[in-house]
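Peer 1: Pasting a structure below so you can have a look.
The values are calculated or read from the model by the stated rules, or taken from the named source; none is laboratory data. This structure is a prediction, so every number in the text was calculated from the model and none was measured. Methodologically, a virtual Cβ is constructed for each residue, glycine included, from the backbone with ideal geometry; neighbour enumeration extends over all protein chains shown. Accessible surface is based on the protein model in full, side chains and every heavy atom, while ligands, DNA and RNA are left aside. Shrake-Rupley method; radii C 1.70, N 1.55, O 1.52, S 1.80 Å.
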Amino acid sequence: MSRFQSHMQLALAEARHARARGEVPVGAVIIGPEGQVLARDGNRTRALCDPTAHAEMLVIRAACAALGVERLSGCDLYVTLEPCAMCATAISHARIRRLYYGAADPKSGGVAHGARVFSHPQCHHRPEVYDGIGGAEAESLLKSFFEQLR
């Protein structure tokens, strides 16, 4: 049996890169079935002028392209912030095996808050969900980013 290895530090690094670009500091990483990094990125909504360019959406697209598939069964997603309803729905459609997220998002979250996408009977696939991993650092990045905007 293999030992668990968190990849949240990679996602946090992507969140810091996003912040440096002037984006909301959210980062995500997809790990393949063999433990390999398939995709990593941070928010790019401003840079791409695309409201769907959340970190989760970007890495799902990149991982699917890298594997040449439309489903990411056996893959794990690490993201620094609780996914919104849009991203949670994409995670379900992509058939992500496990979702690990850092900071909770009571305002816009779609997993433990708000829409609670994986709790709906219409949800096609429910990943295993683990929250709070790297949450303090992720929350600190977000709070400091928004404080600087004020």
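Peer 1: Quick check on the range 44-110: take the gyration tensor over C-alpha atoms, sort the square-rooted eigenvalues as a ≥ b ≥ c, and tell me if it's rounded (a/c under 1.5), prolate or oblate.
Peer 2: The shape class here is oblate.
Peer 1: With all pairs of different alpha carbon atoms counted, what Kirkwood hydrodynamic radius in Å does the chain show?
Peer 2: 15.1
Peer 1: Here is a further query. Top to bottom by accessible area (1.4 Å), largest first, where do Glu137, Glu34 land?
Peer 2: Glu34, Glu137
Peer 1: Is the C-alpha gyration tensor of the range 72-132 telling us rounded, prolate or oblate? Criteria: a/c under 1.5 is rounded; beyond that, a/b larger than b/c is prolate, otherwise oblate.
Peer 2: It is oblate, given that a/c is not under 1.5 and a/b is not larger than b/c.
Peer 1: Can you work out D for the range 1-56 in µm² s⁻¹ from Stokes-Einstein, where Rh is the Kirkwood radius over C-alpha pairs, the temperature is 10 °C and the viscosity is 1.306 mPa s?
Peer 2: 135
Peer 1: How much of the accessible area of the range 44-118, probe 1.4 Å, is carbon plus sulfur, in whole percent?
Peer 2: 56
Peer 1: Next question. Restricting to DSSP loop positions (anything but H, G, I, E, B) with no more than 15 other Cβ atoms inside 10 Å of their own Cβ, which trypsin sites (Lys or Arg not before Pro) remain in the range 1-63?
Peer 2: Answer in residue order: Arg3, Arg21.
Peer 1: How large is the accessible surface per residue of the chain, computed with a 1.4 Å probe and reported in Å² as a whole number?
Peer 2: Accessible surface, normalised per residue, equals 51 Å².
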